[in-house]
Structures are given as structure tokens and as C-alpha cells.
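Enquirer: Sharing a structure below in C-alpha cells format, with a few things to ask.
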Amino acid sequence: MFGYILRRLAVAIPTLLLLIVLSFLLMHAAPGGPFTQERALPPQIVANLNAKYGLDDPLWRQIVNYVWGIVAHFDFGPSFVYPDRSVNQIIAAGFPVTLTYGAISFIAAVIVGVSLGVAAAIRQNSWIDYLAVGTSIGAQVLPNFVMAPILVLVFTLWLGWLPGGGWGGPIYWIMPVVALSTSFMASIARITRSSMLEVLGSNHIRTARAKGLPESKVILRHALKPALLPVISYLGPAFVTMITGSVVVDMYFSTGGIGRSFVDSALNRDYAVMMGITILVGALTILFSLVVDVLYAWIDPKIRY
Amino acid sequence: MIDTQQMQSLAARMSEAEVKGRSPWADARRRFRRNKAAMISLVVLILVALFAIFGNSLAAWSNEEMDFEVIGNAATMGMPSFANGHYFGTDDLGRDLFSRTVQGTQVSLMVGLIGAGIAVIVGTLYGATAGYVGGRTDAIMMRTVDILLAIPYMFVLILLLVIFGRSMSMLFLGIGLISWLEMSRIVRGQTLSLKNREFIEAARATGVPAWRIIIRHIVPNLLGVVAVYATLLVPLMILSESFISFLGLGVQEPLTSWGALISEGAGTMNYGTLWQLIFPLFFFCITLFAFFFVGDGLRDALDPKDR
């Protein structure tokens, strides 16, 4: 097991370095420098700015400095647009918010999705089954950027129950969480349902029933674990999509997470912030897929590692 | 005793024209036709395509004209009506939403089809090559795909769009860059199971070069899987483009797409111009629905495993 984790890390670390170097080269290849404005600055000022931000160093030294800053000091450097703020400060301001509603959404999606899927599989062809199948089809065509306006329209404009945006107590969490988690909930429910149906038809379940175990024990003890394997392998991609979706939530509900900073920096061409967030998200993704793989290997005894 | 009647019917059957065999494709076609949801979805898709192609000749206003009578008070004057020719209403700049929706449909469908097209070509060739060649080449090629898949592509795509300027070609390139990854994995898996079959062995024995085996013998046998996956990929590409356009980072005015229209409609619904959200959203949803159902139908039709 330990060796397996080490081997996975041996792939994850180069991936992350590649991401950092690639995004750095992309930024370097951008036409115009970061200080190109509509009103051209005097060349001395540009030279001074370049010197301050280290942009007059040779390219390899810039890359080494940038990578070293991130790896050794967790420092993404200064923002090119806001001279008084560093990328770290911008991320630190938004990340807790994203983490809060992201984690709630993720947990809610898994718990509700798995319960709905299991219920649908146990009572196949009942109303709860049709509900699960129906919502999972509906959620495919209602991505978060469609859900968000519809939620605001219904719950803020028509019913007036929930605030349409901002960030405060738990009442502000409801709509972002619903908008972000619904489609994952539906996918998880669909995956759980089909794998549960498959497991329920297998021999070891028949044996468990034959030896007189109560149905609840058959489901929880013997059926749930193998049925969850496909769900676990779905969690990795779901995490990526969810992080991407948080951009929409931040934009639409003005929650103030890192998604907002990302889009703002994209519109301002603040490359340092864009790169910082991209790398952070990339690192989280890689870390999460590592955790998922280890979890999978730990649960499924058939996996050789 | 020989039953004369039976003998006669046997003779009649023997003299009939030879029974026509059914190819696997004909079987698949029959299965697909029996799937009601998929057939209805196919009709919906054809209607949406017709709307995109011929919609402009039905529109009373062009997408760039502004109706100066409506400008500024779209909420009261810009309602959908047949009297002034704005079938879907207008936005607050007085632009006709019908022709804007037609334009958005064209752009979104194009993005979806081209993205899926790139995925089909690049992904199939890449996956088939990796699977057929095998060994170390395969390991390196697929490890690369794994690494690329681990990168949060939406962020990289936005990075690309910002750095190299927001244009349609950049959007196609960016979406095309990521769309083939999943496809190449699926194709590789299929190729692995194909490559030890007798007809490939025969081709190899007669000295056909590897690239030719891939193109002439492997790829045609992958068509079923590729078709299914490509159909399911189109809506995903449309979703990606809409997502970027929703953030205001996608196609630029005067061009528009479903995502851009939905974003605009979502931004103005507080002012009571609900039609700006509903019409683009309607086309967006039915098209995605239809693509998913057609894809599912194709999978059921082409995958004899589940029969």
C-alpha cells in the first residue's frame, strides 16, 4: 500500500510541475507584457516595473524562481494589477468561502445521491425509482449556470424566501449549495442505482439472504460496499467539475470565493492571479484524485497495487 | 406417406428468392427505430438544425438591427409579439431575440459539432495507435493522457482564451485540445480487444504496414463506439462553450451563443424581461436532452451486449 502511494506521488508531482511550467510559459507567450496599457507608459517606468517584478531576468531564472517560490514558500508572487496585494492575499480572501460551500455541496451530493440511488435500487420501478431516474436525466440538462438563475428567479424574486446573493450565515449557503450539488447528486444517484442493482443480483447477496440475515443488514453490510466502488471512482471527475462550477456560483451569487477572483483576473489580464488559482486548483485536483485512488484500492480487495 | 401439402410448401419455399441476410448495421438501425425516446429526440434535433439553418429567413429583424421604438423600455414594449415582428421579444438594446437565438443556435451547434469532430479524429487515431502499437509507446502515450486529464481544463481553457485573445478559432482550438482525451482512452480499450483477432493477424501476415492496418482494419471496426461517444460528446462541448460564454469569456459581440444569451437573460430577469431567459434556455435544454437520448439510443442499438 505504501509503495502504491509513493508510486502515485511519483506521477502526481511531475504533473503539478508540468502544470506550473506550462502555465508560466503560456503567460510568457502572451502578446504584450503585463504592463501594456492603452496609454503607453514611458520606457523607463516599464523597465523599472520589469525589474521590480523580476521580468528582466532570463526566462529559465524566472521559471526557477517562480517554481521555487511556490514549492518552498507557498508564494505565488505579487499581483500585476493591484500593486499592494499579493496573489496569496487574494486567494486567502476567497478560498475559505469556496471551501465552505464546496465542502457542504460535496458532502450533500454524496449523502443524498447515494441514499436516493440505494432507495431506487431496492424499490425498483416504484415512485422513488422513477423520481431518481427522472431527476438524474433532468439534472444533465440543467447545469449550475442554468440552475442558478432559475433558483434566484423562484426563491428570491417570486417567493422572496432567500437572499439572492452575498455571503453571511447559513441562509446564504442554501442556493449556492443547491445550484452546485444538484447535478452531482443526480449523477451519483444514477451510478449508485445501477451498481446496486447489479450487486443485489449477485451470488453473495443471495447467500446472505439465504442464511436469514435481515434485509437492512444485507444492504448495509454486504451490498453497499461493492456498490459504492463506481461512485468512488466518479468522485475524482466530480471534484474537478465542482471546482469549475464554483466559478459560476461565485459569479452569480456574489459569494466572494476564488472563482470571482479568477474571472476578474481573466477580464483584467492579471496573469499572476490567474496562474496562481489555476495551479492551486490543479494541485487540489491532483491531491484529491490521489486520495480517491488510495481509497479505492483500500476498499476493493481485487485491486493490485 | 408423404404429405403432399408439406412437400409443396417446402418446394415453394425453396424456389423463393434467397433470404436476405441482415447486417449488424441493419439490426442496429431497427433497434434504434424501436426506441421511441431516441426517435423523438432525433426529430427534435432535426427541427433545431432546421431552425438554425432557415431561421434567419423567417425573422423580421436582423440580429444587428436595433428597434429604436423598444430601446430603453424593453420590459413594456419588447414583449414577444407577432405584431411588430419580434416573435421572441427583444433585449434592452432593442435587438430582436428571435434572430439572436437563431445566431446563438448556429454558434453553439457549430462549437459542439466541431469539438466532437476534433475529438473523433484525434482521439480515434491516438487511441488506436497507442492500443495497436502497445508496449512502451502505449504506456507513454496513455500516461500523457492521464496527466492531461488531471489538469483542470476549464481554467486552462480560460487562461488560453485570455492570453491569446478571445476568438472563435481559439475557442475551437481550446475545446478541441481537451475533448479528445476521454475518446482516446475508450478507443484504446477497444483496440486492445480487436488487435489479436484473426483478421488483423491475417493482415499482418500478408505484410500490411502498421499504419495501414490501423486505418483500414482497426478504425472501421471502432465506428460503433466512436459514434456513440461522439453523440454524447456534442452536448458536453455545447455545455463547455456555454459555461465560458456565461462567464463573459467566450464568444464576443456581435456574435452570440446560447450561453451568452442565457447569461444576458439571467442578468436582466429582475427587470421583468423573462423572455430573454426562457427562449434561449428552452432551445438549450431541448437540444441537450435530445443529444443525450440519441446517444443513449445509439448505445443500446450498437452495443449488442445488453440485448
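The values are calculated or read from the model by the stated rules, or taken from the named source; none is laboratory data. All values reported here derive from a predicted model rather than from experimental measurement. Note that each Cβ is placed from the backbone with ideal geometry, even for glycine, and that neighbours are counted across all protein chains shown. These area figures cover heavy atoms from the full protein model, side chains too; ligands, DNA and RNA do not enter into them. Shrake-Rupley method; radii C 1.70, N 1.55, O 1.52, S 1.80 Å.
Enquirer: Quickly run through region B:99-114 and pick out the residues that are surrounded by 21 or more Cβ atoms within 10 Å (Cβ to Cβ) and free of Cβ contacts under 8 Å to residues at least 60 places away in the same chain.
Expert: The first filter runs over region B:99-114 and keeps only residues surrounded by 21 or more Cβ atoms within 10 Å (Cβ to Cβ), leaving B:99-105, B:107-109, B:111-112.
Of everything in region B:99-114, those that are surrounded by 21 or more Cβ atoms within 10 Å (Cβ to Cβ) and free of Cβ contacts under 8 Å to residues at least 60 places away in the same chain turn out to be B:Ser99, B:Val102.
Enquirer: Let me ask you something else. Among the residues of region A:176-186, are any open to solvent by less than 30 Å² (accessible area, probe 1.4 Å), away from chain B (no Cβ under 12 Å) and not in a helix (DSSP H, G or I)?
Expert: no
Enquirer: Condition check: touching a residue at least 24 places away in the same chain (Cβ under 8 Å), more than 7 Å from chain A (Cβ to nearest Cβ) and either among the aliphatic types (A, V, I, L, M) or within 23 Å of A:Ala10 (Cβ to Cβ) (or both). Does B:Ala139 satisfy that?
Expert: On the way: touching a residue at least 24 places away in the same chain (Cβ under 8 Å): no; more than 7 Å from chain A (Cβ to nearest Cβ): yes; either among the aliphatic types (A, V, I, L, M) or within 23 Å of A:Ala10 (Cβ to Cβ) (or both): yes.
Considered against the rule, which asks whether it is touching a residue at least 24 places away in the same chain (Cβ under 8 Å), more than 7 Å from chain A (Cβ to nearest Cβ) and either among the aliphatic types (A, V, I, L, M) or within 23 Å of A:Ala10 (Cβ to Cβ) (or both), B:Ala139 comes out as no.
Enquirer: Name the residues in region A:107-130 that are free of Cβ contacts under 8 Å to residues at least 60 places away in the same chain and assigned to a helix (DSSP H, G or I), would you?
Expert: Just the residues of region A:107-130 that are free of Cβ contacts under 8 Å to residues at least 60 places away in the same chain, to begin with: A:107, A:111, A:115, A:119, A:123, A:125-128, A:130.
Within region A:107-130, A:Ile107, A:Ile111, A:Ser115, A:Ala119, A:Trp127, A:Ile128, A:Tyr130 meet the criteria.
Enquirer: Also, I was wondering about something else. For region B:291-301, which residues satisfy the criterion of being open to solvent by 10 Å² or more (accessible area, probe 1.4 Å) and over 13 Å from the mean Cα position of the chain (by Cα)?
Expert: Answer for region B:291-301, where residues must be open to solvent by 10 Å² or more (accessible area, probe 1.4 Å) and over 13 Å from the mean Cα position of the chain (by Cα): B:Arg299, B:Asp300.
Enquirer: Looking at A:Leu228, A:Leu220, which one is within 29 Å of A:Ala283 (Cα to Cα), open to solvent by 20 Å² or more (accessible area, probe 1.4 Å), away from chain B (no Cβ under 14 Å) and in a helix (DSSP H, G or I)?
Expert: None of the other options fit; the residue is A:Leu228.
Enquirer: Could you say whether any residue in region A:78-99 is under 28 Å from A:Leu295 (Cα atoms), within 14 Å of another protein chain (Cβ to nearest Cβ) and either out of contact with any strand residue (DSSP E or B) (no Cβ under 9 Å at 6 or more places or on another chain) or open to solvent by 40 Å² or more (accessible area, probe 1.4 Å) (or both)?
Expert: There is at least one residue in region A:78-99 that is under 28 Å from A:Leu295 (Cα atoms), within 14 Å of another protein chain (Cβ to nearest Cβ) and either out of contact with any strand residue (DSSP E or B) (no Cβ under 9 Å at 6 or more places or on another chain) or open to solvent by 40 Å² or more (accessible area, probe 1.4 Å) (or both).
Enquirer: With within 14 Å of chain B (Cβ to nearest Cβ), touching a helix residue (DSSP H, G or I) at 6+ places or on another chain (Cβ under 9 Å), part of a helix (DSSP H, G or I) and at pLDDT 75 or above as the only criterion, which of A:Ile104, A:Ile20, A:Ile5 stands out?
Expert: That would be A:Ile20, the only listed residue that is within 14 Å of chain B (Cβ to nearest Cβ), touching a helix residue (DSSP H, G or I) at 6+ places or on another chain (Cβ under 9 Å), part of a helix (DSSP H, G or I) and at pLDDT 75 or above.
Enquirer: Identify, please: which residue in region B:225-265 is within 13 Å of chain A (Cβ to nearest Cβ) and assigned to a loop (DSSP other than H, G, I, E, B) and is, among those, surrounded by the fewest Cβ atoms within 10 Å (Cβ to Cβ)?
Expert: Step by step, filter region B:225-265, then rank; the result is B:Gln252.
Enquirer: Can you tell me which of A:Val133, A:Val118, A:Val114 is within 14 Å of chain B (Cβ to nearest Cβ) and either within 15 Å of A:Ser246 (Cα to Cα) or of a type outside the set (Phe, Trp, Tyr) (or both)? So that I can check it myself, show each step before the final result.
Expert: Values: A:Val118 fails: within 14 Å of chain B (Cβ to nearest Cβ); A:Val114 fails: within 14 Å of chain B (Cβ to nearest Cβ).
Of A:Val133, A:Val118, A:Val114, the one residue that is within 14 Å of chain B (Cβ to nearest Cβ) and either within 15 Å of A:Ser246 (Cα to Cα) or of a type outside the set (Phe, Trp, Tyr) (or both) is A:Val133.
Enquirer: Given the conditions (1) in contact with a Pro (Cβ under 8 Å, 6 or more places away or on another chain); (2) in contact (Cβ under 8 Å) with a residue 24 or more places away in the chain; (3) open to solvent by 70 Å² or more (accessible area, probe 1.4 Å), which single one is not true for A:Phe253?
Expert: (3)
Enquirer: Inside region B:266-283, can you point out the residues that are within 22 Å of the chain's Cα centre (by Cα) and open to solvent by 10 Å² or more (accessible area, probe 1.4 Å)?
Expert: Here is the first cut: in region B:266-283, the ones within 22 Å of the chain's Cα centre (by Cα) are B:279-283.
Scanning region B:266-283 gives B:Phe279, B:Leu281, B:Phe282, B:Phe283.
Enquirer: The conditions are (1) of a type outside the set (Gly, Ala, Ser); (2) at pLDDT below 80; (3) over 18 Å from the mean Cα position of the chain (by Cα), and A:Gln140 fails exactly one of them. Which is it?
Expert: Exception for A:Gln140: condition (3).
Enquirer: Filter region B:74-98 for residues that are under 15 Å from B:Gly265 (Cα atoms) and part of a helix (DSSP H, G or I); which is modelled with the highest pLDDT?
Expert: Checked region B:74-98; the qualifying residue modelled with the highest pLDDT is B:Phe98.
Enquirer: State yes or no: is A:Phe74 among the hydrophobic types (A, V, I, L, M, F, W, C), touching a helix residue (DSSP H, G or I) at 6+ places or on another chain (Cβ under 7 Å) and either open to solvent by less than 50 Å² (accessible area, probe 1.4 Å) or away from chain B (no Cβ under 14 Å) (or both)?
Expert: No, not satisfied.
Enquirer: Among the numbered conditions (1) of a type in the set (D, E, K, R); (2) within 14 Å of another protein chain (Cβ to nearest Cβ); (3) more than 27 Å from B:Gly297 (Cα to Cα), tell me where B:Arg185 comes up short.
Expert: Going through (1) of a type in the set (D, E, K, R); (2) within 14 Å of another protein chain (Cβ to nearest Cβ); (3) more than 27 Å from B:Gly297 (Cα to Cα) one by one, B:Arg185 breaks only (3).
Enquirer: Name every residue in region A:141-170 that is surrounded by fewer than 19 Cβ atoms within 10 Å (Cβ to Cβ) and not in a loop (DSSP other than H, G, I, E, B), in order of residue number.
Expert: Scanning region A:141-170 gives A:Ile150, A:Leu153, A:Val154, A:Phe155, A:Thr156, A:Leu157, A:Trp158, A:Pro170.
Enquirer: Output yes when any residue across region A:296-303 is more than 15 Å from A:Gly94 (Cβ to Cβ) and within 13 Å of another protein chain (Cβ to nearest Cβ), and no when none is. Working first, answer last.
Expert: Our first condition is that a residue be more than 15 Å from A:Gly94 (Cβ to Cβ); within region A:296-303, this holds for A:296-303.
Pick out the ones that are also within 13 Å of another protein chain (Cβ to nearest Cβ) and you get none.
Within region A:296-303 (the criterion being more than 15 Å from A:Gly94 (Cβ to Cβ) and within 13 Å of another protein chain (Cβ to nearest Cβ)), the answer is no, since none of the residues qualifies.
Enquirer: So how many residues does region A:256-291 have that are away from chain B (no Cβ under 11 Å), touching a residue at least 24 places away in the same chain (Cβ under 8 Å) and either surrounded by fewer than 24 Cβ atoms within 10 Å (Cβ to Cβ) or in contact with a His (Cβ under 6 Å, 6 or more places away or on another chain) (or both)?
Expert: Residues flagged as away from chain B (no Cβ under 11 Å), touching a residue at least 24 places away in the same chain (Cβ under 8 Å) and either surrounded by fewer than 24 Cβ atoms within 10 Å (Cβ to Cβ) or in contact with a His (Cβ under 6 Å, 6 or more places away or on another chain) (or both) within region A:256-291 amount to 2.
Enquirer: From the residues in region B:228-249 that are of a type in the set (Gly, Ala, Ser) and touching a residue at least 40 places away in the same chain (Cβ under 8 Å), which one is farthest from A:Leu267 (Cα to Cα)?
Expert: B:Ala230
Enquirer: In the set A:Gln62, A:Gln44, which member is open to solvent by less than 60 Å² (accessible area, probe 1.4 Å), of a type outside the set (A, V, I, L, M), in a helix (DSSP H, G or I) and farther than 28 Å from A:Pro237 by Cβ? Even if it seems obvious, please write down each step before you answer.
Expert: Numbers: A:Gln44 fails: open to solvent by less than 60 Å² (accessible area, probe 1.4 Å).
Just a single option satisfies the conditions, and that option is A:Gln62.
Enquirer: Within region B:161-177, how many residues are at the interface with another protein chain (Cβ under 7 Å from one of its Cβ atoms) and free of Cβ contacts under 8 Å to residues at least 60 places away in the same chain?
Expert: Result for region B:161-177: 1.
Enquirer: Sort through A:Arg209, A:Arg190 and tell me the only one that's in contact with a Ser or Thr (Cβ under 6 Å, 6 or more places away or on another chain) and open to solvent by 40 Å² or more (accessible area, probe 1.4 Å). Steps first, answer last, please.
Expert: On the way: A:Arg209 fails: in contact with a Ser or Thr (Cβ under 6 Å, 6 or more places away or on another chain).
Answer to the selection: A:Arg190.
Enquirer: Quick one: would you say B:Leu288 is more than 9 Å from every other protein chain (Cβ to nearest Cβ), more than 30 Å from B:Ser23 (Cβ to Cβ), within 22 Å of the chain's Cα centre (by Cα) and in a helix (DSSP H, G or I)?
Expert: no
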